[in-house]
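Data first, discussion second: the structure below is written as structure tokens.
The values are calculated or read from the model by the stated rules, or taken from the named source; none is laboratory data. These numbers come from a predicted model, not from an experiment. With ligands, DNA and RNA removed, areas are computed over all heavy atoms of the protein, side chains included. Shrake-Rupley method; radii C 1.70, N 1.55, O 1.52, S 1.80 Å.
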Amino acid sequence: MREAGRITARALRLVGEAVAPGVTTAELDAIAEEFIRSAGAVPAFKGYHGFPGTICSSINDQVVHGIPGAVSLREGDIISVDVGAIVEGYFGDSARTFAVGAIDEGARSLMEATRLALEAGIAECVPGRRLYDISHAVQSVAEGAGFSVVREYVGHGIGRSMHEDPQLPNFGAAGQGPTLASGMVFAIEPMVNAGQAAVRSLDDGWTVVTEDGSVSAHFEHTVAVTDDGPLVLTLE
Ligand code: MG
Ligand code: MG
């Protein structure tokens, strides 16, 4: 899983380095797919329940599961990129929101709060803590900054499948849920909206957008619970 995570992280970095006005999401998708295959890994999303891309590319009010295609990035956009890789049957899963050129202060603070919410969740990946300690930490940071966490989509266990039990909501009561033990691995992935929490799906059957049209950010890492504390697997 460490190797799958490393390749996932590199793919995400390469995509991020290519983010610029005028670049299409299909071009970003190709960068990720070519890198993952060149590293001897398999794109985890491509073909998953029929999803056509290697990345999910979700711009501005799109929350998650945006389909890469001909749309070009514009100055001032934010784009959430989610990517996964499989190595010898083990999965890595990570996401990050990137700024396209100069963005407004509201979008900047949303991105920062979402990243910090993920960091707070990661810090709870310690044996003996409870699952919803992670959820509570994520929610506290995101809502403390004045934003809303999406309810309909959640983090998850991950290992030999991309989505394993248990589900890991980005909201919940501390001190509840299964007790964390060394060796458990979770994909922690706050999806945070600048406005209200409600979301809906577009007619393409994939793209999730905010109901109120506000911008949304998404950060994700694959994280192992170890006796030495949290181990983020989706780092280079
Ligand atoms: Mg993901
Ligand atoms: Mg995930």
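Figures for the structure shown
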read-out: Scattering profile of the chain at q = 0.10, 0.16 Å⁻¹ [log10 I(q)/I(0), Debye over alpha-carbon scatterers]; value: -0.41, -1.09
read-out: Residues whose placed amide H lies under 5 Å from that of residue 98, excluding near-sequence neighbours; value: 79, 80, 81
read-out: Karplus-derived HN-Hα couplings along the stretch 214-228 (A = 6.51, B = -1.76, C = 1.60, θ = phi - 60°), whole Hz, x at Gly and Pro; value: 6, 6, 9, 10, 8, 10, 8, 10, 8, 10, 9, 7, 10, 5, 8
read-out: The chain - accessible surface per residue (Å², probe 1.4 Å); value: 40
read-out: Karplus 3J(HN,Hα) series, Hz, for the stretch 25-33 with 6.51 cos²θ - 1.76 cosθ + 1.60 (x for Gly, Pro); value: 5, 5, 5, 5, 4, 5, 4, 5, 5
read-out: Sequence-distant residues sharing a close amide H with residue 226 (under 5 Å, placed H); value: 183, 231
read-out: Three-way shape label, the stretch 82-165, alpha-carbon gyration tensor, a/c 1.5; value: oblate
read-out: For the stretch 132-236, Kirkwood radius (reciprocal of mean inverse C-alpha pair distance, Å); value: 14.6
read-out: Placed amide H near residue 23: partners under 5 Å, 5+ positions off or other chain; value: 73
read-out: Under the Karplus curve 6.51 cos²θ - 1.76 cosθ + 1.60, θ = phi - 60°, whole-Hz ³J(HN,Hα) for the stretch 15-21, x wherever Gly or Pro sits; value: 4, x, 5, 8, 5, 6, x
read-out: Mean-position separation - Cα centroids, the stretch 70-124 and the stretch 1-64, in angstrom; value: 12
read-out: Computed [θ] at 222 nm, deg cm²/dmol, the chain (DSSP H ≥ 4; -39,500 (n - 2.57); rounded to nearest 500); value: -9000 deg cm²/dmol
read-out: For the stretch 134-165 versus the stretch 207-236, the gap between their alpha-carbon centres in whole angstrom; value: 7
